[in-house]
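Q: Would you mind keeping the following structure in view while I ask a few things?
All of the numbers you see were taken from the coordinates with simple rules; none came from a lab. Note that this is a predicted model, so its numbers are computed, not measured. Here Cβ is always computed from backbone atoms with ideal geometry, including for glycine, and neighbour counts include all displayed protein chains.
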């Protein structure tokens, strides 16, 4: 990781960090709106209606990114204050103290693992909960968990200067002996799950079109997953590649924005699908109202039965 960064580069990286964080925070608020409130308005959902795993993942990603934001700004502000006091430009030390580097790196890895776990779950659900399809992603994810623990252990050993403990091979280029396979596994996992999810939806859309069925909802879901999946995969790939360059400023910029972009991609899927579900529900309710007006000559019992059928059909589509 970067041990010291020129002050002007740190300020520029923080500026980019805050701008992207503002975009992430706006998507977070919208995501929480759909998670905590009903589709029809601002009434809180009942406890059993709240998607607790998704809410927990969303809040964890927020806590990790917010903590990293505070710690990164703290390092820059300390360097600025020291520069003003000593009347000279100094660099921003990372890590100093050692726990800062430990928290920053662990938060980033845990955020990746949460995003990967959600992708595995989506792949599992879309393949009718087939265990066979998620064996490889789960193994890759468990490998990422082990590498995260190993990275935290190594940073503690390094910070405490424990000389007789195991340490990885030192390398001047690349993310390191531990982080290199970690980023490799997460890229492979995302490519695998995204590819299988998109293929499954595309196959369903193709089969439905063959029988003349309407597929706008399927195509919309595929579009959302492709856009967010490409954003997520491109960010993690760029983060992995930039570590192999000698440009410390590029490493700092990509590392600073990586966590927020992952959060944006995570939130966008839930935001857009929830918004589409609410719009479809509103259109369906309007169609039912038109049906009621057109059927004013039908007796009450027949009309009620027909309306119940249409509401059930709408519920199944949503």
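Q: Can you give me the convex hull volume of the Cα atoms of region 4-272, divided per residue and expressed in Å³?
A: So the per-residue hull volume is 159 Å³.
Q: May I ask you to sort 46, 276 by Cβ crowding, counting other Cβ atoms within 10 Å and putting the fewest first?
A: 46, 276
Q: Right, next: Just rank 19, 54, 222, fewest to most, by other beta-carbon atoms within 10 angstrom.
A: By the 10 Å Cβ count, ascending, the order reads 19, 54, 222.
Q: Please compute the contact order of region 4-272 in relative form: average sequence separation of alpha-carbon pairs under 8 Å and at least six residues apart, divided by the residue count, as a percent.
A: Relative contact order of region 4-272: 27 percent.
Q: Another question about this same structure. Would you mind putting 249-258, 29-38 in packing order, based on average other-beta-carbon counts within 10 Å, highest first?
A: Order by mean packing, descending: 249-258, 29-38.
Q: Between residue 132 and residue 39, what length comes free when the chain is fully extended (0.36 nm per residue of separation minus the Cα-Cα distance, one decimal in nm)?
A: 30.0 nm
Q: Counting other beta carbons within 10 Å of each Cβ, put 192, 127 in order, fewest first.
A: 127, 192
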